[in-house]
Amino acid sequence: MPQLRRSKAPPAVSDVQLDPGERRLAWALSSDGAAVVATDQGLHLPGQPRIGWPDIERVSWNAPVMRVEGIGEVVGGGPRWEVQLADPRNLPEVVRSRVVESIGWSEHRPLSPSGGVRLVGRRRPGDELLHWQLVYDQDTGPPDAQQRAQAEAFLLDARRTIG
(Lines give C-alpha, C1' and ligand atoms only; values in the text may rest on other atoms or scores of the structure.)
Protein backbone atom coordinates (compact mmCIF):
# COMPACT_ATOMS: atom_id res chain seq x y z
CA MET A 1 0.00 0.00 0.00
CA PRO A 2 1.53 3.33 -1.03
CA GLN A 3 2.24 5.80 1.74
CA LEU A 4 0.66 9.24 1.61
CA ARG A 5 3.27 11.93 1.62
CA ARG A 6 2.54 15.06 3.56
CA SER A 7 4.20 18.14 2.26
CA LYS A 8 5.92 20.34 4.78
CA ALA A 9 3.90 23.43 5.58
CA PRO A 10 5.48 26.67 4.38
CA PRO A 11 6.44 29.32 6.95
CA ALA A 12 3.22 31.32 6.40
CA VAL A 13 1.19 28.27 7.52
CA SER A 14 3.49 27.46 10.43
CA ASP A 15 3.23 31.09 11.60
CA VAL A 16 -0.56 30.87 12.11
CA GLN A 17 -1.10 30.94 15.87
CA LEU A 18 -3.10 27.95 17.09
CA ASP A 19 -4.53 27.47 20.57
CA PRO A 20 -2.94 24.75 22.72
CA GLY A 21 -4.28 21.38 21.54
CA GLU A 22 -5.71 22.82 18.31
CA ARG A 23 -4.82 20.59 15.35
CA ARG A 24 -4.22 21.68 11.77
CA LEU A 25 -6.33 19.62 9.33
CA ALA A 26 -5.73 21.34 6.00
CA TRP A 27 -4.10 24.44 4.61
CA ALA A 28 -3.63 26.42 1.44
CA LEU A 29 -1.97 29.64 0.42
CA SER A 30 -3.90 32.58 -0.94
CA SER A 31 -2.89 34.15 -4.22
CA ASP A 32 -0.85 36.72 -2.25
CA GLY A 33 0.94 34.03 -0.19
CA ALA A 34 -1.09 34.34 3.04
CA ALA A 35 -2.03 31.18 4.91
CA VAL A 36 -5.58 29.82 5.12
CA VAL A 37 -5.75 27.07 7.73
CA ALA A 38 -8.56 24.70 8.75
CA THR A 39 -8.22 23.17 12.20
CA ASP A 40 -10.38 20.96 14.40
CA GLN A 41 -11.64 24.20 16.02
CA GLY A 42 -12.32 26.45 13.03
CA LEU A 43 -11.02 28.35 10.05
CA HIS A 44 -8.10 30.79 10.13
CA LEU A 45 -8.37 33.36 7.34
CA PRO A 46 -5.70 35.99 6.64
CA GLY A 47 -6.08 38.97 8.96
CA GLN A 48 -9.03 37.47 10.87
CA PRO A 49 -9.37 35.79 14.23
CA ARG A 50 -10.29 32.11 14.00
CA ILE A 51 -13.90 31.55 12.88
CA GLY A 52 -15.42 28.58 14.72
CA TRP A 53 -17.17 25.97 12.59
CA PRO A 54 -20.56 26.64 14.23
CA ASP A 55 -20.19 30.32 13.31
CA ILE A 56 -20.05 29.64 9.57
CA GLU A 57 -23.41 29.54 7.80
CA ARG A 58 -22.08 28.36 4.46
CA VAL A 59 -18.99 28.02 2.36
CA SER A 60 -18.76 27.89 -1.42
CA TRP A 61 -15.94 27.05 -3.75
CA ASN A 62 -15.73 28.39 -7.29
CA ALA A 63 -12.07 27.96 -8.23
CA PRO A 64 -10.00 29.84 -7.37
CA VAL A 65 -12.28 31.69 -4.90
CA MET A 66 -13.53 30.32 -1.59
CA ARG A 67 -16.42 32.30 -0.09
CA VAL A 68 -17.26 32.01 3.59
CA GLU A 69 -20.48 33.40 5.09
CA GLY A 70 -20.75 33.83 8.82
CA ILE A 71 -23.90 33.35 10.84
CA GLY A 72 -26.15 36.37 11.00
CA GLU A 73 -29.62 36.94 12.39
CA VAL A 74 -30.97 37.03 8.83
CA VAL A 75 -29.98 34.58 6.08
CA GLY A 76 -27.08 36.14 4.22
CA GLY A 77 -26.82 38.88 6.87
CA GLY A 78 -23.65 37.73 8.58
CA PRO A 79 -20.06 38.67 7.82
CA ARG A 80 -18.57 37.50 4.53
CA TRP A 81 -15.05 36.71 3.50
CA GLU A 82 -13.52 35.84 0.14
CA VAL A 83 -10.11 34.40 -0.43
CA GLN A 84 -8.47 33.52 -3.71
CA LEU A 85 -6.45 30.33 -3.30
CA ALA A 86 -3.29 29.83 -5.34
CA ASP A 87 -3.37 26.06 -4.80
CA PRO A 88 -6.47 24.90 -2.90
CA ARG A 89 -5.15 21.44 -2.08
CA ASN A 90 -7.96 19.77 -0.06
CA LEU A 91 -8.87 22.89 1.94
CA PRO A 92 -12.32 23.61 0.38
CA GLU A 93 -13.46 20.01 0.96
CA VAL A 94 -12.26 19.99 4.58
CA VAL A 95 -13.90 23.36 5.29
CA ARG A 96 -17.23 22.33 3.79
CA SER A 97 -17.16 19.01 5.64
CA ARG A 98 -16.47 20.69 8.99
CA VAL A 99 -19.26 23.24 8.51
CA VAL A 100 -21.77 20.50 7.63
CA GLU A 101 -20.60 18.32 10.55
CA SER A 102 -21.22 21.19 12.97
CA ILE A 103 -24.96 21.08 12.21
CA GLY A 104 -26.67 18.69 14.59
CA TRP A 105 -30.23 19.65 13.75
CA SER A 106 -31.94 22.10 11.40
CA GLU A 107 -35.57 22.83 10.66
CA HIS A 108 -37.36 25.65 8.87
CA ARG A 109 -40.61 27.01 10.33
CA PRO A 110 -43.03 29.52 8.77
CA LEU A 111 -43.87 32.65 10.75
CA SER A 112 -47.16 34.52 10.86
CA PRO A 113 -48.12 36.76 9.17
CA SER A 114 -45.21 36.11 6.76
CA GLY A 115 -41.65 34.94 6.45
CA GLY A 116 -39.87 32.15 8.23
CA VAL A 117 -37.07 31.13 10.53
CA ARG A 118 -34.55 28.31 10.51
CA LEU A 119 -33.82 26.70 13.88
CA VAL A 120 -30.26 25.41 13.87
CA GLY A 121 -28.62 23.32 16.58
CA ARG A 122 -24.85 23.51 16.13
CA ARG A 123 -22.13 21.40 17.73
CA ARG A 124 -19.15 23.21 19.18
CA PRO A 125 -15.90 21.23 19.42
CA GLY A 126 -15.55 19.62 22.85
CA ASP A 127 -19.16 20.33 23.86
CA GLU A 128 -21.89 17.69 23.82
CA LEU A 129 -24.79 20.17 23.98
CA LEU A 130 -26.25 21.75 20.87
CA HIS A 131 -25.96 25.52 20.64
CA TRP A 132 -29.09 26.95 19.10
CA GLN A 133 -29.40 29.70 16.54
CA LEU A 134 -32.39 31.41 14.98
CA VAL A 135 -31.74 32.46 11.40
CA TYR A 136 -34.58 34.47 9.89
CA ASP A 137 -35.35 34.31 6.18
CA GLN A 138 -34.04 37.27 4.22
CA ASP A 139 -37.58 38.44 3.46
CA THR A 140 -38.47 38.31 7.19
CA GLY A 141 -35.83 40.58 8.64
CA PRO A 142 -35.75 42.43 10.80
CA PRO A 143 -38.38 40.38 12.62
CA ASP A 144 -41.04 42.19 14.61
CA ALA A 145 -41.98 41.36 18.22
CA GLN A 146 -44.68 38.87 17.16
CA GLN A 147 -42.32 36.99 14.84
CA ARG A 148 -39.59 36.92 17.51
CA ALA A 149 -42.05 35.48 20.04
CA GLN A 150 -43.09 32.77 17.56
CA ALA A 151 -39.47 31.93 16.79
CA GLU A 152 -38.57 31.76 20.50
CA ALA A 153 -41.52 29.41 21.09
CA PHE A 154 -40.34 27.16 18.23
CA LEU A 155 -36.84 27.21 19.71
CA LEU A 156 -38.09 26.32 23.19
CA ASP A 157 -40.01 23.38 21.70
CA ALA A 158 -36.92 22.20 19.78
CA ARG A 159 -34.76 22.41 22.91
CA ARG A 160 -37.27 20.31 24.85
CA THR A 161 -37.54 17.75 22.07
CA ILE A 162 -33.95 17.58 20.79
CA GLY A 163 -31.90 18.78 23.74
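The values are calculated or read from the model by the stated rules, or taken from the named source; none is laboratory data. All figures in this text were calculated on a predicted structure; none of them were measured in a lab. Glycine gets a Cβ as well: all are built from the backbone with ideal geometry, and neighbour counts include every protein chain shown. Areas reflect the complete protein model, heavy atoms only, side chains present, ligands, DNA and RNA absent. Shrake-Rupley method; radii C 1.70, N 1.55, O 1.52, S 1.80 Å.
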Exercise for the section: Can you send over the carbon and sulfur percentage of the accessible area for the chain, probe radius 1.4 Å, protein chains only? Expected result: 49 percent
Fill in the blank from the handout: Protection proxy (average C-beta count within 10 Å per residue), highest first, orders 23-30, 97-104 as 23-30, 97-104
Exercise for the section: Determine the shape class of segment 34-163: with a ≥ b ≥ c the square roots of the Cα gyration tensor eigenvalues, call it rounded for a/c under 1.5, and otherwise prolate if a/b is greater than b/c, oblate otherwise. Expected result: prolate
Exercise for the section: Quick one: net charge around GLN84, please, counting Lys, Arg +1 and Asp, Glu -1 for every other residue with C-beta under 15 Å from its C-beta. Expected result: 0
Fill in the blank from the handout: Given a 1.4 Å probe, the accessible area of segment 54-163 per residue, as a whole number of Å², is 56 Å²
Problem - Calculated [θ] (222 nm, deg cm²/dmol) that DSSP helices of n ≥ 4 give over the chain, each run adding -39,500 (n - 2.57) - result: -6000 deg cm²/dmol
Problem - Cα Rg, Dmax (largest Cα-Cα span) when computed across segment 33-72, Å - result: 10.2, 29
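Between beta-carbons, use under 13 Å as the cut-off and find the net charge around HIS131, counting Lys and Arg +1, Asp and Glu -1.
Taking every other residue near HIS131 into account, the sum is +1.
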Fill in the blank from the handout: Packing-ranked peptide list from 14-21, 52-59, 142-149, highest mean Cβ count within 10 angstrom first, is 52-59, 142-149, 14-21
Exercise for the section: List the residues whose amide H sits under 5 Å from the amide H of GLY78, counting only those 5 or more places along or on another chain, with H placed 1.01 Å from N in the peptide plane. Expected result: GLY72
Fill in the blank from the handout: In whole Hz, the Karplus estimates of ³J(HN,Hα) for segment 147-155 (6.51, -1.76, 1.60; θ = phi - 60°; x where Gly or Pro) are 5, 4, 4, 4, 4, 5, 5, 4, 5
Practice task
Would you please give the residues with an amide H less than 5 Å from that of THR39, counting only those at least 5 places away or on a separate chain, with H modeled from the backbone geometry?
Solution key: LEU25, HIS44
Practice task
Give me the net charge of ARG50's neighbourhood, meaning all other residues with Cβ under 9 Å from the Cβ of ARG50; Lys, Arg count +1, Asp, Glu -1.
Solution key: -2
Problem - Cα-based shape type of segment 13-103, given that a ≥ b ≥ c are square roots of the gyration tensor eigenvalues and the cut on a/c is 1.5 - result: oblate
Exercise for the section: Please report how far the C-alpha centroid of segment 118-136 lies from that of segment 18-46, rounded to the nearest whole angstrom. Expected result: 23 Å
